[in-house]
Structures are given as structure tokens and as C-alpha cells.
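For reference, the structure is listed below as C-alpha cells.
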Amino acid sequence: MLNIPLWQCYLVNCDPIWHHFYHLVLINKNSRSSIKKIYLWRKNLIIARNLDTVVVGAGFAGMYCLYKQIQDGFNAEIFEKADDVGGTWYWNKYPGARCDIESMDYSYSFSEELQQEWNWKEKYGTQPEILEYARFVSKKFNLREKINFKTSIVKARFINNKWMIETDNNIKIECKYLVLATGNLSTPNTPNIEGLSNFKGRIYHTGAWPEKMPEFEGRKVGIIGTGSSGVQSIPVISETAQKLLVFQRTANFSLPARHCELAENKRENYKKNYKKYRELAQNSSFGIAKYQPPTKSAFDVNEVERDEIYESAWQEGGQAMLFAFTDLLTNKEANETAANFVRKKIREIVKNKETAEKLCPNDHPIGTKRLCLDSNYFETYNKENVSLIDISNNPIQKFTEKGLVTNNMEYEFDDLVFATGFDAMTGAVNAIEISNEENVSLKSVWSKGPKTYLGIMVSDFPNLFMITGPQSPGVKSQMILSIEQHVNFIHDLIIHKKNNKYLQVNANNDKQNEWVNHNNEVANSTLYPLAHSWYNGDNIVGKTRNFMPYVGGVANYKNICDEKIKNDYEGFEFL
Ligand code: FAD
Ligand code: N01
């Protein structure tokens, strides 16, 4: 079945003799029962469509983009690989998955009615709750009828002021605007290690978890990866697994989330004051209302005072510790004071001294990899059924029928979980064959690392937009806030182009270079580049090292964008 807005199309192969012919049955969705037309089509038929805007992806970015487009009368549709909305929250159904920015922040702000109508139940929303929220939004704003599910965009070529688009199910679309809402963390990375196909047990990836939760009761589970996904899932899997083997390549900093139910009075108070909280978030560095810029250096206080501040942040939970002092992400010595505090906590929590040492991160400043928040992560290593296997010096050599081999030792397990992250920020964009009028592919232009103007457009690829693309602050913020800001900017830019009857909008190449250089300068003035992380592509073998997110803060970024608009869309060229 194809889901074409307004029309539901069924391809029915009902002719036993002419089996290479199909009947195409079109049913009007509004009147439901009436069959509009019946055609006889050849197999492999190609359906041609014409739209103003194609939006790729039905996560929070795609849905808000579609909402704006519909509001302003554009003929827009989403094409989504999955069979439902939600993006991240559709794919990451692993045990323990939840957000680590408080739900009252991690939600849309564009509709006051929606803000007041939806009631978050927990401090940090669980994956099922956030997915339910995404579905609720899609229904409330009648978005679903404009979403083509189970349809991947595979190719896009810009010709004669139009994007010519192809899907994996033979739909060809001609449109004016192509918006990539494909997600920064939507292309799961499974390391290329010899022998995976030999493994006879069940295999899972946290980023593509099955709909039906697997039972781990009585089973021996091996998990690779101790980033945020591993840190969230390890304690939960350990509750039922008979044995859990954790393969850790690099120890990671994690702070207690101090998760709890959201008290009704707290929620209602927040709702009453939403305007104030959203403004505070917009004017902050990371888009989180309660984390306002600190004012003191870590060395403005003595050691005892400093540790009291860290202790209070540790007890409060969340990322508070990172916001304690001005210089934690710019000065190595200042950073080390916080890192030492966390290492001390790990040594206090984990009873086995050897395991505690293995869990103490030493290879990067705290906060320079995406900081993890956990519920009883380090405590989990005190359980008898959990073993930590340090593979920092002994990489996994191969998979076998029964498990894996590292340092010539075989570890056996029934189930294997990859918590090995994503080909972040560029993976989903590069998976689409995108080429411009000169038939130059975006992938080739980005072969030495992505270059964008404001994380929104790429020079020489007109009328193509990205939501929270590389060199935008998206992944370094409460992402829904950044998504809304980006979509608003892109939408206004499209309206400006349309009102002025321009055929194309393009990013100026010099301005793009300036923006990329500015990004690198800002990143190099911090400690971020010292870590090996997905922020700079280090997690993917063969990916060019390149620091991708803008770390100048969401408030600064928004001011820069607003300034560009004021200066007649400085850096954008119209034809
Ligand atoms: P996504 O949600 O990734 O949606 C992109 C969609 O595009 C997907 O549905 C995908 O199937 C689709 N798609 C991609 N390519 C194609 C194609 N070629 N054709 C068709 N469809 C395609 N951020 C926070 O701010 N706070 C958090 O606490 C937080 N927690 C997270 C927890 C996890 C486990 C993960 C993985 C990420 C988390 N993030 C968090 C980041 C999260 O990705 C964003 O907050 C947000 O959900 C991104 O929305 P999006 O619409 O941009 O992308
Ligand atoms: O992925 P990661 P993730 N052999 O890349 C290891 C968001 N998120 O899915 O550190 C052995 O962080 C790798 O080791 P190393 C959030 O933005 C948020 O956990 O590279 N190990 C690392 O330990 C986050 O940052 C939440 O040495 C290998 C792990 O796999 C982002 O998504 C929850 C390996 C990957 O860690 C990604 O998180 C989940 C190999 N060959 C995700 N290859 C929240 O709580 C990789 N690893 C909000």
C-alpha cells in the first residue's frame, strides 16, 4: 500500500494470467469508501509527483517543518523510512532509553495549546512517552496524512530550478525545496569486525531496536559500547540477564540523573511560567532554562568550596556540574578539578578497586564527549552478574559462533548488543545521492568534512536546506529548541524567496568558508577537540577528523542568524 495524501493507493495483483500487471486502486481518504478510479498498470510502475516541498524525515525536525509549510499553504509532504513518526524515539527502543534533558524543556514550544495540553509524567521522558508525544503532535496538527511512511529518499538531483527526487519504492517527485530533516544520530554504526555473520545468537543495535522488547531473562548478554546508550541500557539489562559482559574500549564520564516522577505542582508551575522558561532557554548556551552561564572561574574559590559546589551539583543531578564554573570547558586545569571529583565518586561507588580504576575516564576532559547521565550505572558493576571487560588495549579481534575474541581469549554469550553509536551528523545526508546542477555530489564536496553556511545550506546546492546540520549548535543544545529556531529561519527564507519571485536561494561560498572558519576557531578555543568522539568523526573508521557542531552557544547563534536576516539575508544569494 502507498500512502499518498488524500488518496490511499493499493496495488493489487489480481490477474492470474497477466500477473505482471497490477490494478491501482485509489481510495479517497476523506470519504473513505468511494473508489475513485481503477487503472491497470505495469509492475515496477513509477508514480510521478509534484510538490512545493519535500521534507525528509518525520522526527521532531521534519514534523515542525511540515507544520509550518502547511500553515503557509505550501504543498509539502514528508517522506519517512520508518512506519511511524518520532525519529530518534522510534528507532531507539532499547531498555532504559529516555532523554537526559528534563521533559519540561525537551518539548516543542511553538504551540501554547500543545504545551498546556500535554502532561509529562516523569522528570526525564521515557522513550515510549516521547514517542507517544510525537504521535500526539502528528495527530493534533493533522500531519500524518501528509507523511509517506516506509519510504526512503535515495536520490536527489537539482535541474532547472527543481529538485528531482527518487524514493526506494519508485516514486519520483519534482519539487522546489528539499529539506533534510534526516537527523544527526539516525545512522547506526556497527563496527566492521571480522566474523559477525558467524555469531549464532541474537544481535541488536540500540539505535535500531526491535518493536517487541527481547527477553534477557536467564540469558548471557554481551554489550559493546559505554556511551550514553550503553550507560542507559546496561543497568536495565543487568536486572534480568543471567550474566552481562560489558566490553569497554574507553571509560566515560557519567553523572547521576536523579530521575524521579514529575510532581504535578512542579509541572503546573512550569506550565504557568512557560514563556519565561522558554525565553531563559533561548538566551542560554545550551538551550536549557535552568543552566544559565556561570560567573566564577573554578579558581575563584578554594578547593573545599569547589568540592562543596561539585557535591551539591552531584546531589542535584543532571548536567549541573558542567555549569558550575566559567572555565570548565576551556581550561584543562579547571576541567581536571571536576574530572577528579567524578573519579573520586566512581571509586567510592564501585567496590572492586580494579573495576573502579577501569571505569575512571582518563583520556579526555570531562564534558568534551557528550556527557552521560545515568541511573545507577556505576552501581551496576557491584552486581555479581555483571563483568567489565577492558578492551582499551586489546581490541575485539573477531566474532565467533558463540561470542567474540579479544586478546586471544574467547568470551561466550547468547545475545550481542551493539551500543556503538552512529555515523553522526553526516551519515544520513551522505546516504542520499544528492547532486547539483553540475552533477557534483554533496558527498564528494564533503569528502574531507562537511562545510555549510550556518548549518543550514551548502554552497552550490540551491534550495536545499538542513535542519541542525553540521556547524550548527543543534547537537550541543536542547535539540527541539534548535530545531524550532532552524525551521523558523529556513521557512522565513523560503517565504522571502517566494515573495520576491526568485527561482533560487544559494549560500555564498566565501561566507560559507568564513562560517566554517569561525566554527573551527570557536571549537579550538575550547577543550572539545581533545576528545575522540562522534563530534569530530573519530568514532567512524576512515571518516575525516573534523569538529562538526557549533559550540558558540544557541543564544549567540540565534543572534548571528537574526543579524543575517536584518542585513537582507547576508550570505545568501538569490537568483
Ligand atoms: P531524528 O529524530 O533522527 O529523525 C530523522 C528521521 O529521518 C528518522 O525518522 C529517519 O528514519 C528519517 N530518515 C533519515 N534518512 C532518511 C531518508 N533518506 N529517507 C527517509 N527518511 C529518512 N537530544 C536532546 O536534546 N535531548 C536528549 O535528551 C536527547 N536524547 C537522545 C537520546 C537518544 C537515544 C538519541 C539517539 C538521541 C537523543 N537526542 C537528544 C538527540 C535527538 O536525536 C534529537 O533530540 C531529536 O530527536 C532529533 O530530531 P530530528 O527530527 O532532527 O532527527
Ligand atoms: O554512542 P557513542 P551512543 N569496539 O558514540 C564504543 C545521544 N544519546 O549511542 O568511546 C569497541 O556515544 C565507543 O567506544 P569509544 C547522545 O548525544 C543520548 O552511546 O569510541 N567499542 C563508545 O563507548 C550520545 O552522545 C542519550 O572508544 C566501540 C560506544 O561504542 C549519542 O546519542 C542516550 C567500537 C559508542 O558511544 C550517541 O550515543 C543515548 C568498537 N569497534 C544516546 N565502536 C541520552 O541519554 C564503538 N565503540 C539523552
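The values are calculated or read from the model by the stated rules, or taken from the named source; none is laboratory data. Quantities reported herein were computed from a predicted structural model and do not represent experimental measurements. Reconstructed Cβ throughout: ideal geometry from the backbone, glycine too, with neighbour counts over all protein chains shown.
Observations, loosely collected:
- Looking only at segment 213-234, and only at residues there that are touching a residue at least 60 places away in the same chain (Cβ under 8 Å) and more than 16 Å from Ala97 (Cβ to Cβ), the one that is farthest from ligand 1 (Cβ to nearest atom): Lys220
- Here is the figure for segment 492-544: residues that are within 16 Å of ligand 2 (Cβ to nearest atom) and not basic (Lys, Arg) total 15.
- Some residue of segment 459-471 being within 16 Å of ligand 2 (Cβ to nearest atom), outside any loop (DSSP other than H, G, I, E, B), in contact with a strand residue (DSSP E or B) (Cβ under 7 Å, 6 or more places away or on another chain) and of a type outside the set (Lys, Arg): no
- Scan segment 58-104 for residues that are within 16 Å of ligand 2 (Cβ to nearest atom) and at positive phi and the total you get is 3.
- The residues of segment 341-362 that are under 30 Å from the mean Cα position of the chain (by Cα) and either within 17 Å of Ser228 (Cα to Cα) or in a helix (DSSP H, G or I) (or both), listed by number, are Phe341, Val342, Arg343, Lys345, Ile346, Lys358, Leu359, Cys360, Pro361.
- Note on segment 245-275: among residues that are touching a residue at least 40 places away in the same chain (Cβ under 8 Å) and of a type in the set (A, V, I, L, M), the one that is nearest to ligand 1 (Cβ to nearest atom) is Ala257.
- Within segment 404-434, the set of residues being among the small types (Gly, Ala, Ser) and either surrounded by 19 or more Cβ atoms within 10 Å (Cβ to Cβ) or within 13 Å of ligand 2 (Cβ to nearest atom) (or both) comprises Ala419, Gly421, Ala424, Gly427, Ala428.
Per-residue answers, yes or no, for (1) within 13 Å of ligand 1 (Cβ to nearest atom); (2) of a type outside the set (S, T, N, Q):
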position	(1), (2)
Phe110	no, yes
Thr126	yes, no
Ile147	yes, yes
Ile153	yes, yes
Arg157	no, yes
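- In segment 524-567, the residue that is surrounded by the fewest Cβ atoms within 10 Å (Cβ to Cβ) out of those that are under 30 Å from Asp492 (Cα atoms) and of a type in the set (Ser, Thr, Tyr) is Tyr535.
- Screening Asn170 on (1) at negative phi; (2) at pLDDT below 95 shows it passes everything except condition (1).
- Criterion violated by Glu570 - all others in (1) farther than 24 Å from Lys162 by Cα; (2) assigned to a loop (DSSP other than H, G, I, E, B) satisfied: (1)
- You will find that of Thr250, Thr190, Thr226, Thr206, the residue that is more than 29 Å from Gly317 (Cβ to Cβ), within 16 Å of ligand 2 (Cβ to nearest atom) and of a type in the set (Val, Ile, Thr) is Thr190 and no other.
- Scan of segment 171-199 for residues that are charged (D, E, K, R), away from ligand 1 (no atom under 15 Å from the Cβ) and part of a strand (DSSP E or B), ordered by number: Glu174, Lys176
- Here Asn517 meets each of (1) free of Cβ contacts under 8 Å to residues at least 24 places away in the same chain; (2) more than 26 Å from the chain's Cα centre (by Cα) with one exception, condition (2).
- Qualifying position, being crowded, with 18+ Cβ neighbours inside 10 Å and in contact with an Asp or Glu (Cβ under 6 Å, 6 or more places away or on another chain), among Ala339, Ala334: Ala334
- Condition broken by Gly218, with the remaining ones in (1) surrounded by fewer than 17 Cβ atoms within 10 Å (Cβ to Cβ); (2) more than 18 Å from Val417 (Cα to Cα); (3) not acidic (Asp, Glu) satisfied: (2)
- Residues of segment 194-229 classified as in contact with a Leu (Cβ under 8 Å, 6 or more places away or on another chain) and of a type in the set (A, V, I, L, M, F, W, C), total: 5
- His491 falls short on exactly one of the conditions (1) crowded, with 20+ Cβ neighbours inside 10 Å; (2) in contact with an Asp or Glu (Cβ under 8 Å, 6 or more places away or on another chain); (3) farther than 23 Å from Gly59 by Cα; (4) not aliphatic (A, V, I, L, M), and that condition is (3).
- On the stretch given as segment 532-557, residues that are farther than 28 Å from Ala281 by Cα and of a type in the set (A, V, I, L, M, F, W, C) total 2.
- On inspection, Asp390 does not qualify as in contact with a Gly (Cβ under 6 Å, 6 or more places away or on another chain), of a type in the set (Asp, Glu) and over 25 Å from Arg98 (Cβ atoms).
- Checked against the criterion of being of a type in the set (A, V, I, L, M) and over 30 Å from Glu484 (Cα atoms), segment 171-182 has no qualifying residue.
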